[in-house]
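The values are calculated or read from the model by the stated rules, or taken from the named source; none is laboratory data. Computed from a prediction, not measured in an experiment: that's the story for all the values here. Here the Cβ is made from the backbone with ideal geometry for all residues, glycine too, and neighbour counts use every protein chain on show.
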Amino acid sequence: MEKLFKLKENKTTVRTEIVAGLTTFMTMAYIIALNPNLLTGFGAEGQDLWNGVFLATCIASAIGTFCMAFLANKPFAMAPGMGLNSFFAVVVANIVAITGTSYLESFQAALVLILVEGIVFVLLSVFNVREKIVKAIPLGVRLGIGPSIGLMLMNIGFGSNAGIYSETGGPFFAMRDFFGALTAKSAKDAMGSGYPAMVLSVVTMFVGLFIIVALDHHKVKGSVLYGMLGGSVIYWAGQAIFLHTNPFASLATASFVPPFADMAKTTLFKLNFAGFAQIGWFTVITLVITFCIIDMFDTIGTLVGTATRANMVDENGEMPQMKEALLSDAIGTIAGSVTGTSTVTTFIESASGVEAGGRTGLTAITTGVMFLLCMFIAPVAAIIPAPATSSALIYVGILMLSNLKKIDFDDLSQILPVAIMLLAMPISGSIGHGIGLALISYTIIKLCTGKAKDVSALTYILSIIFLIKFFLPL
């Protein structure tokens, strides 16, 4: 174990790494059910396809995460990227309209797009193109990626991670509908029967957060994991006492047998090349480029931001084994295409495991094993309440803001791109879009201040690519 992961060199232990891996898994376990929901219209396209995507999510996430562990020895986990999966679902619907084929056949044609993207990324990683793109990002922007991701995590924790529905509509979010209401009465009137669940969610969030902070203050290892478990207990008790529901009722009728037969019938190596050829080459090229840009900068942003927070970067702000980490991302995407899911990318929730002390691939191994186990114990993972994981996301988000102190606030060419990125990431929900806007603004400032030579050629190219992406309706 020591020779494989170099635990002593990274000042960590087996126990710390395992706890960190469990912490990462708990904060991102929501993807196991949410990804098949998004890709199949919440089951509207049939249970067989839902089951296939469910297993593909578990398997592809584990493969990508294991690659990260063994190739790069980094504590980052992978799964089908949020935003990318929604875009994939839209693409499938468009293929249905273009080709007139069924949703399943169009889904299988879209998987070929993901395969092509993965192959492109393997080539770009092998020839160090993606690593050169990372180095082309100006240092000021790189320093701002971590804090921007921090705000994004806080937004997820306070907002969408605890959405509530009721007879009056929804989803209702904590920061918008609970804290954003003028009075408690107006919030209660707006949410109707969803109000008690919102109160319980908010209490769970803050109790879990304060448990994490208190335990961390006393240097307790695994404080983030314990905080999430404490929050879960609060939520389960509240469900039983105040909402009069049994939080464990779903376990009584749950199936613990993985639906491999459904996967073999719908998604496993079901690449529809004939349907892919019907899409049209211009559309194919446009879609592949779009998937590549979004995935590339989401992954780069996550790796740079999280590695900087964990002091895994050198004096130039560059992460060792970046090439191997990016290659792992590419392999995960190919694994996703052949098993049956959208683009696999590095998850920002990996920051929670890093904050719990994870520093090596053993953390990733632990998370990957949990993904594989979830093929059998998915019902158990499903009872972990979202508000409990919100506590961890909020805590990690706050800590990631610390990198702001390294930014020169007297230099507008640094602070303006970072300020735009700080707003863009949480609002757009996209790491890639935030970085793109920062690069564009950095380039324009340098041009306007007579410092065009300070901008590298690759930064100019990236800025132009993002301008095209944002403003041309391709």
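None of T290, T283, T302, T308 is at pLDDT below 95, part of a helix (DSSP H, G or I) and touching a strand residue (DSSP E or B) at 6+ places or on another chain (Cβ under 9 Å) except T302. Answer yes or no as to whether L243 is in a loop (DSSP other than H, G, I, E, B), farther than 29 Å from L49 by Cα and of a type in the set (A, V, I, L, M). Yes, satisfied. Could you please let me know if I212 is part of a helix (DSSP H, G or I) and modelled with pLDDT of 95 or more? No: the conditions fail for I212. Considering only residues in segment 152-172 that are buried (at least 21 other Cβ atoms within 10 Å of the Cβ) and in contact (Cβ under 8 Å) with a residue 60 or more places away in the chain, the one that is farthest from L404 (Cα to Cα) turns out to be A162.
Of G64, G83, G43, all but one fail to be farther than 30 Å from D454 by Cα and modelled with pLDDT of 95 or more; the exception is G64. Could we say that E131 is buried (at least 24 other Cβ atoms within 10 Å of the Cβ), within 27 Å of G436 (Cβ to Cβ), among the charged types (D, E, K, R) and touching a helix residue (DSSP H, G or I) at 6+ places or on another chain (Cβ under 9 Å) here? So E131 does not fit the description; no.
Note on segment 447-474: residues that are out of contact with any Pro (no Cβ under 9 Å at 6 or more places or on another chain) and in contact (Cβ under 8 Å) with a residue 12 or more places away in the chain amount to 12. Summed over segment 337-366, the residues that are closer than 22 Å to L113 by Cα, among the β-branched types (V, I, T) and part of a helix (DSSP H, G or I) give a count of 2. Of note, F269 satisfies the criterion of being assigned to a loop (DSSP other than H, G, I, E, B) and either farther than 25 Å from G21 by Cα or outside the structural domain of A382 (by TED's automatic domain parsing) (or both).
For first residues located in segment 173-186 and more than 16 Å from L200 (Cα to Cα), partners that are not hydroxyl-bearing (S, T, Y) and lie 6+ apart or on another chain with Cβ distances below 6 Å form the pairs A181/A187.
The residue pairs whose first member lies in segment 233-249 and is charged (D, E, K, R), whose second member is surrounded by 13 or more Cβ atoms within 10 Å (Cβ to Cβ), and whose beta carbons are closer than 9 Å, counting only pairs six or more residues apart or on different chains, do not exist in this structure. Listed by position, the helices (runs of 4 or more DSSP H) inside segment 1-117 whose residues that are surrounded by fewer than 24 Cβ atoms within 10 Å (Cβ to Cβ) and over 24 Å from the mean Cα position of the chain (by Cα) number at least 2 are 2-5, 14-28, 47-67, 84-99.
Restricting segment 424-446 to residues that are free of Cβ contacts under 8 Å to residues at least 24 places away in the same chain and more than 17 Å from the chain's Cα centre (by Cα), the residue that is farthest from T302 (Cα to Cα) is I444.
When G170 is tested against the conditions (1) part of a helix (DSSP H, G or I); (2) under 24 Å from the mean Cα position of the chain (by Cα), the lone failure is (1). Out of curiosity, is T267 more than 22 Å from the chain's Cα centre (by Cα), surrounded by 24 or more Cβ atoms within 10 Å (Cβ to Cβ), more than 25 Å from I468 (Cα to Cα) and modelled with pLDDT of 90 or more? It is true that T267 is more than 22 Å from the chain's Cα centre (by Cα), surrounded by 24 or more Cβ atoms within 10 Å (Cβ to Cβ), more than 25 Å from I468 (Cα to Cα) and modelled with pLDDT of 90 or more. Residues in segment 311-336 that are part of a loop (DSSP other than H, G, I, E, B) and of a type in the set (D, E, K, R): D314, E315, E318. Close contacts from segment 384-412, counting a first residue that is free of Cβ contacts under 8 Å to residues at least 12 places away in the same chain and a second that is among the β-branched types (V, I, T) and in a helix (DSSP H, G or I), with Cβ to Cβ under 6 Å and a gap of 6+ residues or different chains, come to F409/I415. From the list I384, I440, I420, the one residue that fits, being part of a loop (DSSP other than H, G, I, E, B), in contact with a Ser or Thr (Cβ under 7 Å, 6 or more places away or on another chain) and of a type in the set (V, I, T), is I384.
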